[in-house]
Amino acid sequence: MLTNNNATMQSASAMTTPPPWALFSWPTVFCQANLTGQPRFVHLSTRIVCGGDEAVPITGQTLWAQHLDDGEAGLAWDWVEVGHGVVAMADPMGVATNLRLVGRSGEVLAAHEAAITICRWVRQIPWQDEVWRALRAA
């Protein structure tokens, strides 16, 4: 079950965080897909990749993590400013993660099956607040 270990995540947040896509080098963490509790991912970093102009929108990446019994689980994705102050995921099916979700029978879910659960978790994360904070600070 996903649980939040504040001591671990606070120390992780205090360290210099790697680029979001570095989580591919994190060890794989297996997790039940049919959890009843809400995941508690903690913001690690948000980066602006392209400053944007009238022809090219502002884009970036965000990285979130949660301490689980088996290790640190991470989620990262690209975002884009689609209108003044309005941000959206650039590709909802393009969430990078070191998680491997398993079904009720213990089988590892295929990527397209796991994406349903991962997208549900992302919707519960207040990631847009962190993107707006990064945009205001830029």
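The Cβ shell under 14 Å around LEU135 holds other residues with a net charge of 0, Lys and Arg each +1, Asp and Glu each -1. Computed over the Cα atoms of region 6-137, the ratio of the radius of gyration to the Kirkwood radius (Rg/Rh) comes to 0.98. The residues neighbouring GLN61, those whose beta-carbon lies less than 14 Å from its own, together hold a net charge of -3 under the Lys/Arg +1, Asp/Glu -1 convention.
Values quoted throughout were computed directly from the atomic coordinates according to the rules given, and no laboratory measurement underlies them. Note that this is a predicted model, so its numbers are computed, not measured. Please note: Cβ atoms are built from the backbone with ideal geometry, for glycine as well, and neighbour counts cover all protein chains shown.
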